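Every number here is computed from the coordinates shown, using simple stated rules; none is lab data. Quick caveat, the model's predicted, so the values are computed rather than measured. Because the Cβ atoms are built from the backbone with ideal geometry, glycine has one as well, and the counts that use them run over all protein chains shown.
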Amino acid sequence: MSRQVLVVSGLGKSFGALQAISDLHFHVEDGEIVGLIGPNGAGKTTAINLISGRLKPDTGMVRLEDKVVTGFSTNSLVQRGLVRTFQSTAVYPERSVWSNVLRGAFAEIYKGFWPALVNTGAQKRRRDAAIVHVETILDELGLQDVRDVPAQQLPYGRQKTLGLAIAIASRPRVILLDEPAAGLSAEEVDRVADVIRRINSRGVSVVVVDHNMRFISGLCRRVVVLHHGRELCTGKPAEIAANPQVIEAYLGTVNEPA
C-alpha cells in the first residue's frame, strides 16, 4: 500500500473579504506525480504558497511524511524535504549554472555558523559531497554543456530546467512546481516533462500546477481540480478531461451569455 508523503486537510485562507482557499483537501502518495489545475483565479498558486510556507493558512493542516508542518517557514520546510519552484525562473542571473545549483544545496552544506567559519573536517566533507551531487544533477538534467554560462544568458526553456536543478539540489522528498511549462514551446514542454520524470524516478514526489492540459495529462497519474478555492474533483487525467463540472468551470455553461 502506498504511503502518503504530503497531506493537505481543511486548508483555508482569506484576504479580507476574499476567500481564496476554502476547506481544501488532497494528498500525494510516495513516488506520485499529481496535477493541480483550475481556471484563472481558482486558487492554485495560493494553495502552493500555503503548503510551501510562503503564506500562513487561516485554517487547516499540512502534513509532510509523519510531521505536521502547518505554518512552518519556507527554509524549515526545505530542510525537511519540501521544496517549491516559481513561475519565474528564480535564479541568480549573473552567476553560473554550476553556482546556482550549488546554492540549491546550501542547506545540505551549511550546518551552523562556527563549522562554516573554521571549515571543520565535517564541513569540508559536506561541501565535497554537495559538489559531487551538483555534478550528478548537471549530468542527469543535461546542463553540463552550459555549466559555466551565466544563468541570465540561458534560453528560457533551459532556465526552467535550471530552476528544477536548483530545487532537487536540496534532496527534497516533495517538489511543488508552479507552472513549469508556462511560456515554453511544444518541444521545450516535452523536454521539461522528461526532466520532471527523471526527478520523479529519483524517488521525489511531485505536485505540478499548470494550464497546459496536454502536459498535465502526459505527466500525472492523478489530477486535482480547484474552482473558487475548493476542490472540485479528483481523478485520472482522462476522467478529468471528460468531467462536465470541469468543462463548465473552464468554459462556462453552453447557455451562458458571452
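Rounded to the nearest 500, what is the chain's calculated 222 nm mean residue ellipticity when only DSSP H runs of at least 4 contribute -39500 (n - 2.57) each, over all residues?
Roughly -11500 deg cm²/dmol at 222 nm, from the helical runs in the chain.
Can you sort 86, 15 from fewest to most other Cβ atoms within 10 Å of each residue's own Cβ?
Listed from fewest to most nearby Cβ atoms, that is 15, 86.
Residues with beta-carbon under 13 Å from that of residue 3, excluding residue 3: net charge, scoring Lys, Arg +1 and Asp, Glu -1?
Once positives and negatives cancel, what remains is -3.
Under 23 Å between alpha carbons: how many lysine pairs meet that in the chain, if sequence neighbours fewer than 8 apart on the same chain are excluded?
Going through the chain pair by pair, I get 9.
As an exercise, use a Förster radius of 30 Å and the Cβ-Cβ distance of residue 61 and residue 148 to find the FRET efficiency, rounded to the nearest 0.05.
Between residue 61 and residue 148 the formula returns 0.10.
Report the one residue of 72, 233, 22 whose Cα lies farthest in the direction of the positive end of the charge dipole of the chain (charges on C-beta: Lys and Arg +1, Asp and Glu -1; origin at the Cα centre).
Comparing the listed Cα positions along the dipole, 72 ranks first.
Taking neighbour counts of Cβ atoms within 10 Å as a proxy for exposure, in what order, fewest first, do 233, 220 appear?
Exposure proxy ranking, most exposed first: 233, 220.
Count charges around residue 158 for me, please; just the other residues with Cβ under 11 Å from its Cβ, Lys/Arg as +1, Asp/Glu as -1.
Once positives and negatives cancel, what remains is 0.
To the nearest 10 degrees, how steeply does helix 156-168 sit against the main Cα axis of the chain, on a 0 to 90 scale?
For 156-168 against the chain, the angle is about 70 degrees.
Could you give the length gained on full extension between residue 190 and residue 75, defined as 0.36 nm per residue of separation minus the Cα-Cα distance, in nm?
38.3 nm
What number comes out for the charge environment of residue 201, summing +1 per Lys or Arg and -1 per Asp or Glu over other residues with Cβ under 11 Å away?
Every neighbour counted, the sum reads +1.
What does DSSP give for the chain in terms of the percent of beta bridges that are antiparallel, rounded to the nearest 5?
The antiparallel fraction comes to roughly 55 percent.
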